[in-house]
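Below is one structure, written out as structure tokens; comments come after it.
The values are calculated or read from the model by the stated rules, or taken from the named source; none is laboratory data. Just so it is clear, the structure is predicted and the values come from calculations on it, not from any experiment. All Cβ positions, glycine included, derive from the backbone under ideal geometry; neighbour counts span all protein chains shown. Note: accessible area is taken over every heavy atom of the protein model, side chains too, but ligands, DNA and RNA are not part of it. Shrake-Rupley method; radii C 1.70, N 1.55, O 1.52, S 1.80 Å.
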Amino acid sequence: MYALKNCKIYTSSKILEQHAIVIKDESILQIIPEEQIDSELSTVDMRGYSIAPSFVDIQIYGGGGSLFNSSTSIQTIQKTYQEIRRSGTSHFQITLSSTPLDKILEAIQVAKDYLAQGGKGLAGLHLEGPYFSFPKRGAHVAEFIRKPTNEELIQVVEASKGLPTYMTIAPEEFTKEQLEYLLDSHIIISAGHSSATYEQATEAFDKGIKRVTHLFNAMSQFQSREPGLVGATYDSDVWASIIPDGVHVSYPTVSISKKMMGERLFIITDAVTEDISGDYKFIHAGDRYVDTNGILSGSALSMIQGVINCYLKVGISLDESLRMASTYPAQAIQQDQTLGKIEEGFQANMVIFNEDLEVQGIIEQGYLEWFLEI
């Protein structure tokens with residue numbers, strides 16, 4: 001049990017100074033004025049740094065040179081975790097791109113095994129595909145894109161029971177019964193890689209899909225006579241992720257979307273890692289990743305850089321940019337009772353950063369680690 005003092009605290013609902021965060025075991029016990037700290041309680045001087053809820057990235061494909069599609073292993077999840085925590089992310093959904101059924105089932109088991117062995121940081125598995133609109137497949141391997149079958153859906157749902165699972169689909173590719181089956185399952189469904197018309201998307205939202213994957217990228221666009229999935233997303237109550245790297249979407253596009261959607265818009269990295277060993281091949285090219293033909297195929301974004309971009313390049317306030325990387329994604333994956341806020345009873349997961357928005361350390365379930373000599 002100890003207290004953090006001499007820091008600026010972004011709780012997600014307010015900004016506090018001259019307050020202390022009291023941590024007991026893995027959780028936040030209380031937030032109190034500094035003068036109320038018990039004289040017998042151990043304290044940590046935070047050197048005037050800022051503290052916010054640690055980040056939650058619900059779409060990342062690997063890290064440390066190991067892509068989950070190419071190396072579907074506990075080691076890949078561990079490498080991803082070790083890489084992203086240094087930029088303030090404590091929790092993530094490892095993401096599997098469109099692939100055959102046997103690989104999906106393998107990924108489900110690997111994620112379960114990682115958690116069963118006490119692996120840290122994994123908030124769940126994101127199955128991105130393979131049930132997409134073929135013209136909107138983006139960088140996904142064409143031969144793996146397919147229509148859903150009842151048999152496959154049953155196998156995926158049954159295999160993933162007990163594992164937090166998130167799936168991106170093109171809803172127009174599903175029958176009414178198939179969509180209802182998924183929505184009645186434990187899997188959280190998101191619309192993406194879709195050619196859906198405004199009417200089709202709105203109908204899917206009305207049936208229960210309440211999330212959209214990487215707004216603008218790989219979906220039907222907002223047009224004068226057909227608003228598409230983008231327009232339906234604006235004109236709804238659903239959440240949407242966005243990749244604020246200035247490459248996948250421009251900063252004015254992020255700004256307009258934020259004005260339209262408010263708290264429903266949140267940050268993902270959609271980040272990959274350099275790996276050409278499997279069906280998906282990614283080569284680092286500065287501010288992005290490209291395939292072997294030089295075509296944009298992945299992000300080089302980190303969550304802290306996404307926050308910085310939203311704050312400095314889009315013009316969103318810092319506290320709201322921080323919420324876009326923590327509070328809102330935690331809500332989107334229904335883990336907002338423990339993640340995404342600095343409040344009493346929440347897990348003690350926090351990112352520590354200086355006035356230049358450089359990550360200095362992280363607190364994970366009560367354990368503090370500094371990344372730089374101070």
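Quick notes on this structure:
- Residue ID - farthest from GLN59 (Cα to Cα), chosen from residues in the range 322-374 that are free of Cβ contacts under 8 Å to residues at least 60 places away in the same chain and in a loop (DSSP other than H, G, I, E, B): GLU373
- Listed by position, the helices (runs of 4 or more DSSP H) enclosed by the range 188-273 that each have at least 1 residues that are within 19 Å of ALA325 (Cβ to Cβ) are 251-261.
- Within the range 329-358, the set of residues being open to solvent by less than 40 Å² (accessible area, probe 1.4 Å) and closer than 14 Å to TYR10 by Cβ comprises GLY340, ILE342, PHE346, ASN349, MET350, VAL351, ILE352, PHE353, ASN354, LEU357.
- Filter result (under 17 Å from ARG211 (Cβ atoms) and either in contact with a helix residue (DSSP H, G or I) (Cβ under 9 Å, 6 or more places away or on another chain) or at pLDDT below 95 (or both)) within the range 263-280: GLU263, ARG264, LEU265, PHE266, ILE267, ILE268, THR269
- Only listed residue being at negative phi, out of contact with any Lys or Arg (no Cβ under 6 Å at 6 or more places or on another chain) and open to solvent by less than 10 Å² (accessible area, probe 1.4 Å), chosen from ILE188, ILE209: ILE209
- Count of the range 216-229 residues which are buried (at least 24 other Cβ atoms within 10 Å of the Cβ) and either without any contact (Cβ under 8 Å) to a residue 24 or more places away in the chain or of a type outside the set (Ser, Thr, Tyr) (or both): 2
- Residues satisfying the stated conditions in the range 128-158, i.e. surrounded by 16 or more Cβ atoms within 10 Å (Cβ to Cβ) and of a type in the set (Gly, Ala, Ser): GLY129, SER133, GLY138, ALA139
- Hits in the range 199-249 - residues which are among the acidic types (Asp, Glu) and under 20 Å from the mean Cα position of the chain (by Cα): ASP237, ASP245
- Just one residue in the set LEU67, LEU96 is open to solvent by less than 10 Å² (accessible area, probe 1.4 Å), within 26 Å of the chain's Cα centre (by Cα) and without any contact (Cβ under 8 Å) to a residue 40 or more places away in the chain; that residue is LEU96.
- Selection from the range 174-185 of residues that are assigned to a helix (DSSP H, G or I) and open to solvent by less than 70 Å² (accessible area, probe 1.4 Å): GLN178, LEU179, LEU182, LEU183
- The set of residues in the range 185-220 being closer than 22 Å to GLN93 by Cα and among the aromatic types (Phe, Trp, Tyr) consists of PHE216 alone.
- Filtered by the rule that a residue be at pLDDT below 95 and of a type in the set (D, E, K, R), the range 347-374 gives a lone residue, GLU373.
- Going through (1) within 30 Å of SER277 (Cα to Cα); (2) not in a loop (DSSP other than H, G, I, E, B) one by one, THR99 falls short only on (2).
- For the range 1-46, the set of residues classified as among the hydroxyl-bearing types (Ser, Thr, Tyr) and under 26 Å from the mean Cα position of the chain (by Cα) consists of TYR10, THR11, SER12, SER13, SER27, listed by residue number.
- Pairs linking a residue in the range 263-283 that is more than 30 Å from ASP336 (Cβ to Cβ) to a residue that is basic (Lys, Arg) and open to solvent by 10 Å² or more (accessible area, probe 1.4 Å), with Cβ atoms under 9 Å and 6 or more positions apart or on different chains, are ASP275/LYS281.
Rundown of residues vs (1) open to solvent by 70 Å² or more (accessible area, probe 1.4 Å); (2) under 19 Å from VAL141 (Cα atoms); (3) not aliphatic (A, V, I, L, M), yes/no style:
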position: ILE242; (1), (2), (3): no, no, no
position: GLY246; (1), (2), (3): no, no, yes
position: TYR251; (1), (2), (3): no, no, yes
position: MET260; (1), (2), (3): yes, no, no
position: GLU263; (1), (2), (3): yes, no, yes
position: VAL272; (1), (2), (3): no, yes, no
position: ASP275; (1), (2), (3): no, yes, yes
position: PHE282; (1), (2), (3): no, yes, yes
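- Test set (1) part of a strand (DSSP E or B); (2) over 21 Å from the mean Cα position of the chain (by Cα) - HIS126 fails condition number: (2)
- Of the strands (runs of 3 or more DSSP E) that lie entirely inside the range 25-93, those containing 3 or more residues that are at negative phi and aliphatic (A, V, I, L, M) span 27-33, 55-60.
- When the residues of the range 1-51 are filtered to those that are out of contact with any Lys or Arg (no Cβ under 9 Å at 6 or more places or on another chain) and small (Gly, Ala, Ser), the one that is surrounded by the fewest Cβ atoms within 10 Å (Cβ to Cβ) is SER39.
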